[in-house]
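One structure is given here, and the rest of the page talks about it.
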Amino acid sequence: QTGRRNRVVDVLVRVRLRHGGAQWILLHLEIQTYFEGDFAQRLALYNSGLFWIFKERVVTLAVLADLREGWRPDEDRFQLADFESRTRFPVCKLIDRLATDWQDDHSLPVQLARAQIAALRTAGDPGGRYRAKWQLVRNLYEIGYNAEQVRELFGLIDWMMHLRADLEERFKQELDELEESLQMPFVTSV
C-alpha cells in the first residue's frame, strides 16, 4: 500500500526552462523495476507532496524498467460528482524503446538500460545471467567502447548483473583473455 511505503523519490532536480524565462520547475524522475498496482497513485502523491514542500511546480516522469508487457500507468484520476483530480505523466517503457527506436543506439544510457532488462530477464537463471553479462560486455568492445569506458560502466553492470562466485571467477578469467586478445588492460573492482 502507498501509505506504508517509504516515501522517498528516486531523483529530484531543479531545472530552468529554455523558453520559460525565469520559470523554475522541479523535475521528478521515478524509475520503477516491477509491477505495482498503485504506482500512478503513488506518483500523484509524490507530485503533490513535492509541490506542497517546495512551493514549486513539479514535472513527474516515469521510467518503467520492468518486463510486464501491457503495464504502462500514466495517469492517476479521481472523480466524484463535479470534483476531479488528475495527474498525468509521461512514461518511458524500456522494453518498448529497446525493441524499437533504441535498437541500434550504442549510447551509455541505452547500454545500461540493456543491462537492467537483461538482469530482470535472467533473475533465477545463473547460466543465463552469465551469458547475458558476457554478451553485454563483449558488445561494448565490439561497438567501439575503450577499456576506460567499459571500466566506468562495469561497476554498475556488475552490481545489476551479480553472478554466483563460480561464474564470477569464470567471467573474470574469460574477460582477462578477451582483454589480452585486444591488448587492453582491464581491472575489475570485484
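Using amide H atoms built in the peptide plane, which far-off residues or other-chain residues are under 5 Å from residue 59 H to H?
Residues meeting the criterion, in which the H sits 1.01 Å from N, are 26, 27, 28.
Give, rounded to the nearest 20 debye, the magnitude of the charge dipole that region 100-176 has about its Cα centre when Lys and Arg contribute +1 at Cβ and Asp and Glu contribute -1 at Cβ. Present the calculation step by step, with values, prior to reporting the outcome.
Details: 10 positive and 13 negative charges, 55 e Å.
Roughly 260 debye, rounded to the nearest 20.
Can you give the Kirkwood hydrodynamic radius for the chain, in Å, rounded to one decimal and based on Cα pairs? The partial results should precede the final answer.
Details: mean 1/r = 0.0519 Å⁻¹.
Taking the inverse mean of 1/r over all distinct Cα pairs, the chain comes out at 19.3 Å.
By its C-alpha gyration tensor, with a ≥ b ≥ c as the square roots of the eigenvalues, how is region 53-99 shaped: rounded for a/c under 1.5, else prolate for a/b larger than b/c, else oblate? Intermediate values should be presented prior to the final figure.
Working: a/c = 3.98, a/b = 1.63, b/c = 2.44.
Oblate.
Can you send over the carbon and sulfur percentage of the accessible area for region 1-153, probe radius 1.4 Å, protein chains only? Write out the running numbers ahead of the final one.
Numbers: 4820 of 9390 Å².
Exposed carbon and sulfur together represent 51 percent of the surface.
Enter the angle in degrees (range 0 to 90, nearest 10) between the Cα long axis of helix 147-160 and the first principal axis of the Cα atoms of the chain, meaning the one along which they spread out most.
Roughly 60 degrees, rounded to the nearest 10.
Using each residue's phi in region 78-89, evaluate 6.51 cos²θ - 1.76 cosθ + 1.60 at θ = phi - 60° and report the 3J(HN,Hα) Karplus result to the nearest Hz, with x for Gly and Pro.
10, 9, 8, 6, 8, 8, 9, 10, 8, 10, 10, 9
Computed FRET efficiency, Cβ-Cβ of residue 138 and residue 92, R0 25 Å: what is it to the nearest 0.05? Can you show the working numbers first?
Values: r = 27 Å, r/R0 = 1.06.
Efficiency, from the Cβ-Cβ distance: 0.40.
Need the list of lysines near residue 133 for cross-linking: C-alpha distance under 25 angstrom, and skip anything on the same chain fewer than eight residues off.
93, 172
How big is region 100-190 along each principal axis, measuring the range of its Cα positions in Å and listing the largest first?
That works out to 35, 31, 18 Å along the principal axes.
Taking loop as defined by DSSP and a crowding limit of 12 other beta carbons within 10 Å, which chymotrypsin sites (Phe, Trp or Tyr not before Pro) in region 69-166 fit?
Numbers: sites: 71, 78, 83, 102, 130, 134, 141, 145, 154, 159; in loops: 71, 102, 145.
Loop-located and lightly packed - none at all.
Grab the beta carbon distance between residue 75 and residue 106, set R0 = 45 Å, and tell me the FRET efficiency rounded to 0.05. List each step's numbers first, then the result.
Details: r = 33 Å, r/R0 = 0.74.
Calculated value: 0.85.
By how many degrees, between 0 and 90 and to the nearest 10, does the Cα long axis of helix 165-182 differ from the longest principal axis of the chain?
The helix 165-182 is inclined about 70 degrees to the chain.
What whole-number value in Å² describes the accessible area per residue of the chain for a 1.4 Å probe?
On the way: 11830 Å² over 190 residues.
On a per-residue basis, 62 Å².
Can you list which of the trypsin sites (Lys or Arg not before Pro) found in region 46-154 are DSSP loop residues with at most 10 other C-beta atoms within 10 Å?
On the way: sites: 55, 57, 68, 77, 86, 88, 93, 97, 114, 121, 129, 131, 133, 138, 151; in loops: 55, 57, 68.
Those that pass, being in a loop and sparsely packed, are 55.
Taking the chain as a Gaussian network, Cα atoms linked when under 10 Å apart, which of 87, 33, 100 shows the biggest mean-square fluctuation?
Checking each option, the largest mean-square fluctuation is seen for 100.
Which of 13, 58, 91 ends up with the largest GNM mean-square fluctuation for the chain, with Cα atoms connected below 10 Å?
Ranking 13, 58, 91 by mean-square fluctuation puts 13 first.
Please list, in chain and number order, the residues 5+ apart from residue 33 or on another chain whose amide H is under 5 Å from its amide H, with Hs placed from the backbone.
Distant-sequence amide H within range of residue 33: 65.
The values are calculated or read from the model by the stated rules, or taken from the named source; none is laboratory data. Just so it is clear, the model here is predicted, and its values are computed rather than measured. Because the Cβ atoms are built from the backbone with ideal geometry, glycine has one as well, and the counts that use them run over all protein chains shown. Just the protein is used for accessible areas: all its heavy atoms, side chains included, with ligands, DNA and RNA removed. Shrake-Rupley method; radii C 1.70, N 1.55, O 1.52, S 1.80 Å.
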